[in-house]
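Right, one structure below, let's go through it.
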Amino acid sequence: MEIATEGHGGRRAPTHQGFTLLEMLTATALLAIVAVGAVPAAHTFLVRNQVIAAAGEFVAALNLSRLHAITQGGNALMCPADHGSYCTPAAGWHRGWIVFADQNHNRQREPAEPLIRRHGPVAGVRIVSSAARRRIQFRPDGASYGSNATFLFCPDTQQVEGVAVVLSNPGRVRITRHPSPTQTALCGP
């Protein structure tokens, strides 16, 4: 962009405005410093949100299972499922899960039993359960069989804190965003 300034003899001489090399190098250096600080923070933010989203999906499936048991007046079960429509007890919860109506009370899905929901694998998150719970069963009154259960959602990176989903015997579910040191230890190294 040229700006005319008054020069000798009343004539306007064109001048050029722009950035000097020193100004450009200084701005680039500052931008690099800001980027170096922002990228790890953004990664931590994204991983944390991924863990919270996985826990939210798990809670939604637990609540759906409980609601189905109450509204249909029968048992509903949630279990790990490795890419299928049947329980796979050896699979971890992070490989996916299913919710179904356990009409014959055998704690296994039979072909005739309705599949209520199927959830695929959860990327970047391991799910560790207390007492290695391999299924959650809800009764028609909404309570869950067994003892209280804690499911810890552990990010693949140790720089981000996990999230705990706690299921009580009466069937109530809550998320704890800051698990106790005992719960955090379940995530392992």
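The values are calculated or read from the model by the stated rules, or taken from the named source; none is laboratory data. Predicted model only: the values in this text are computed from it and were never measured. With ligands, DNA and RNA removed, areas are computed over all heavy atoms of the protein, side chains included. Shrake-Rupley method; radii C 1.70, N 1.55, O 1.52, S 1.80 Å.
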In Hz, Karplus ³J(HN,Hα) per residue of the range 75-92 (6.51, -1.76, 1.60; θ = phi - 60°; x = Gly, Pro): 6, 10, 10, 10, 8, x, 9, 8, 6, x, 10, 10, 5, 10, x, 6, 6, x
Isotropic mean projected area of the C-alpha convex hull, the range 66-178 (nm²): 6.9
Spherically averaged projected area in nm², based on the convex hull that wraps the Cα atoms of the range 21-127: 9.2
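By how many nm would the segment from Ala53 to Gln17 grow when fully extended, if each residue of separation counts as 0.36 nm and the alpha-carbon distance is taken off?
Once the chain is fully extended between Ala53 and Gln17, it gains 7.9 nm.
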Note, ³J(HN,Hα) from phi for the range 171-178, Karplus 6.51, -1.76, 1.60, rounded to Hz, x at Gly and Pro: x, 7, 10, 9, 10, 10, 7, 10
Residue-span extension gain [Thr44 to Ala131] - 0.36 nm each, minus C-alpha spacing: 28.4 nm
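How much area per residue is accessible in the range 95-158 when the probe is 1.4 Å and only protein heavy atoms are counted (Å²)?
For the range 95-158, the per-residue accessible area is 47 Å².
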Relative contact order %, the range 82-156, counting alpha carbon pairs below 8 Å whose residues are six or more apart: 29
Sequence of Asp156, Asp102 from largest to smallest accessible area, 1.4 Å probe: Asp156, Asp102
Dimensions (Å) - the range 128-183, Cα atoms, principal axes, largest first: 41, 19, 16
